[in-house]
Amino acid sequence: MIEVTKLNGVKILLNEDYIETVEETPDTVIILSTGRKLIVKEGRQEIKNLVKS
């Protein structure tokens, strides 16, 4: 699990196994295998580092 922050400031735990793609457009959008999209404050590189840990 990784902790990310939604744009409204709420922190959530996200199962990284469900992450399909991460885009910066310019907001960071995480697209899950379920089709759900999450917009978060963390950048693409930070998400990458969290998943590697």
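Candidates are the residues of region 1-10 that are surrounded by 11 or more Cβ atoms within 10 Å (Cβ to Cβ) and under 15 Å from Ile39 (Cβ atoms); the one that is nearest to the chain's Cα centre (by Cα) is Val4. With respect to the stated conditions, Ile47 fails to be under 11 Å from the mean Cα position of the chain (by Cα), surrounded by 15 or more Cβ atoms within 10 Å (Cβ to Cβ) and part of a strand (DSSP E or B).
Of the residues making up region 16-44, those that are of a type in the set (S, T, N, Q), in contact with a helix residue (DSSP H, G or I) (Cβ under 9 Å, 6 or more places away or on another chain) and either in a loop (DSSP other than H, G, I, E, B) or within 14 Å of Met1 (Cα to Cα) (or both) are Ser33, Thr34.
Restricting Glu42, Glu24, Glu20 to those that are among the charged types (D, E, K, R) and surrounded by 15 or more Cβ atoms within 10 Å (Cβ to Cβ) reduces the list to Glu42.
A short reminder: the numbers here are calculations on the coordinates, not readings from a lab. Values in this document were obtained by computation on a predicted structure and should not be read as measured data. Cβ: placed from backbone, ideal geometry, glycine included. Neighbour counts: every protein chain shown.
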